[in-house]
């Protein structure tokens, strides 16, 4: 009961502070001016005014480099000779394989740990703030890496992945939420999609490290890649300690003076005068948005995510993140193993993986160009329909007679898939899941969405090893047919249900959801956040 009492007390204090602010005669003018300022701000002006916000967001998002590194590492280690010899079983032909049940167990152990971390992070972050929870998770990460490095059997490695998954769950949501809350509307898609770039950097690093050790048959060939993870937490921990707290979180706690101070730290003091930036106006806009959302749903519990207009917002957020796991992205995670089973030599398989994540890096950078010209809804739905076509072709190639050409053709299509995924799906997802929830329920809605993703990831991690492993179903490229069907269903859903948040402030999105505007009309809607009126241009 203590957390509930604490939350109600904070809500009461926040409401009292908001009431005092609303009594000021210029309050509504401040709200309108801050909203207009966000709409009129160009990308360059936003970067000049909010350079510190961008920097702190990038620093906290770097937590995801560790998860991207480790998840890619595990999927690739299933094809790694030294790892298979240590943790696998000998096959009749003298080679070694980590069995499908243990592959599923290791991957699912990390997912289960992540779900535990996710559910805890939503409550802890709302109570203690984002910085404190991230710092505690980084310290835990340092400790849990020891279990990976010193693992002597697969059971110990299983325990390590469950424990490491707990801080992963924290990083998966709080970094995205923080990025969404410290920047203006124009920077929102760039800083939230940067989270995906951190994933790709981690994946690319893991692929490069394993390629360097692929010819080493000793135990250090797999222990050193695990040890490299210790290079990340300490510098990130220092950055998080120095970072300002989210002003939105401070507003929800009624700490309006601290919210103004946070905005001062997130913006350039020099540009504040040039841009005539007044943190009081921005805080007034945050208070107004918070009050609108309190009128819709008073509480901030997990149950409130399923009440009133927030049910629709939660459904969409969960579906967007689930689509990441259901569109066939396991082909990327198991790419080295898949390349090897498709007939490529081990060295070539790991070289292809390095190239694959290099293309992912380029795709993520190009997605920032696409964001300028296209809406997030358009990019996400288009990406899913494109991935459906690629997966279908992978499946068709797999039923043709096996040859060197078909092996390289399949491998090349996985590269094309990766580029397409990181151009449309990977980065855009993070922007959407940060924008769909209300600001009051964002931490918990994002937790529920990521938990949905992880549950889908558990399904992936159970099915894919059996689909690929020679000791199980041995489908190989025929798995493309299965994931093509799953991807098509996701694409149709996004076309029918996903709204367009491009160019809308959080207050404007609240009004659109409150008035039950259809998904395909969001992009054409003009909103007055003060009066709550909506005009749909035809």
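The values are calculated or read from the model by the stated rules, or taken from the named source; none is laboratory data. Quantities reported herein were computed from a predicted structural model and do not represent experimental measurements. Ideal geometry is used to build each Cβ from the backbone, glycine not excepted, and the neighbour counts take in all protein chains shown.
Among the residues of the stretch 285-321, those that are more than 19 Å from residue 118 (Cα to Cα), part of a helix (DSSP H, G or I) and in the same structural domain as residue 249 (by TED's automatic domain parsing) comprise 310, 311, 312. Go through the residues of the stretch 176-196 one by one and say whether even a single one is more than 24 Å from the chain's Cα centre (by Cα), assigned to a helix (DSSP H, G or I) and assigned by TED's automatic domain parsing to the domain that holds residue 435. No, the stretch 176-196 has no match at all. Being over 23 Å from residue 398 (Cβ atoms), under 20 Å from the mean Cα position of the chain (by Cα), at pLDDT 90 or above and surrounded by fewer than 24 Cβ atoms within 10 Å (Cβ to Cβ) holds for only one residue in 318, 305, and it is 318.
Evaluating residue 474 against the criteria (1) at positive phi; (2) within 21 Å of the chain's Cα centre (by Cα) leaves one unmet condition, (2). Take the conditions (1) touching a helix residue (DSSP H, G or I) at 6+ places or on another chain (Cβ under 7 Å); (2) surrounded by fewer than 23 Cβ atoms within 10 Å (Cβ to Cβ); (3) closer than 23 Å to residue 341 by Cα; residue 480 misses just one of them, which is (2). Of the residues 94, 105, 136, the single one that is part of a helix (DSSP H, G or I), surrounded by fewer than 20 Cβ atoms within 10 Å (Cβ to Cβ) and assigned by TED's automatic domain parsing to the domain that holds residue 373 is 136. Can residue 57 be described as in a helix (DSSP H, G or I), modelled with pLDDT under 90 and in the same structural domain as residue 338 (by TED's automatic domain parsing)? Judged against the criteria, residue 57 is not a match. Is the stretch 335-344 home to any residue that is surrounded by 18 or more Cβ atoms within 10 Å (Cβ to Cβ), within 21 Å of the chain's Cα centre (by Cα), in contact (Cβ under 8 Å) with a residue 12 or more places away in the chain and over 30 Å from residue 187 (Cβ atoms)? Yes; the residues of the stretch 335-344 include at least one that is surrounded by 18 or more Cβ atoms within 10 Å (Cβ to Cβ), within 21 Å of the chain's Cα centre (by Cα), in contact (Cβ under 8 Å) with a residue 12 or more places away in the chain and over 30 Å from residue 187 (Cβ atoms). Of all residues in the stretch 523-538, those satisfying the criterion of being touching a strand residue (DSSP E or B) at 6+ places or on another chain (Cβ under 6 Å) and surrounded by fewer than 18 Cβ atoms within 10 Å (Cβ to Cβ) are 524, 526, 534, 535, 536. Could you figure out which of (1) more than 30 Å from residue 80 (Cβ to Cβ); (2) touching a residue at least 12 places away in the same chain (Cβ under 8 Å) isn't true of residue 369? Tallying (1) more than 30 Å from residue 80 (Cβ to Cβ); (2) touching a residue at least 12 places away in the same chain (Cβ under 8 Å), residue 369 fails exactly one: (2).
Return a yes/no flag: does the stretch 509-522 have any residue that is in contact with a strand residue (DSSP E or B) (Cβ under 7 Å, 6 or more places away or on another chain), modelled with pLDDT under 90 and under 23 Å from residue 373 (Cα atoms). Among the residues of the stretch 509-522, not one is in contact with a strand residue (DSSP E or B) (Cβ under 7 Å, 6 or more places away or on another chain), modelled with pLDDT under 90 and under 23 Å from residue 373 (Cα atoms), which makes the answer no. Can you work out which of the residues in the stretch 322-353 that are at pLDDT 85 or above and not in a helix (DSSP H, G or I) is nearest to residue 383 (Cα to Cα)? So, considering only residues that are at pLDDT 85 or above and not in a helix (DSSP H, G or I), the one nearest to residue 383 (Cα to Cα) is 327. Of the residues making up the stretch 48-64, those that are crowded, with 24+ Cβ neighbours inside 10 Å and within 30 Å of residue 336 (Cα to Cα) are 60, 61, 63, 64.
Take the residues in the stretch 450-474 that are closer than 14 Å to residue 342 by Cβ and surrounded by fewer than 19 Cβ atoms within 10 Å (Cβ to Cβ); name whichever of them is modelled with the lowest pLDDT. The extreme case among them is 470. Within the set 45, 97, the sole residue that is over 26 Å from the mean Cα position of the chain (by Cα) and at pLDDT 90 or above turns out to be 45.
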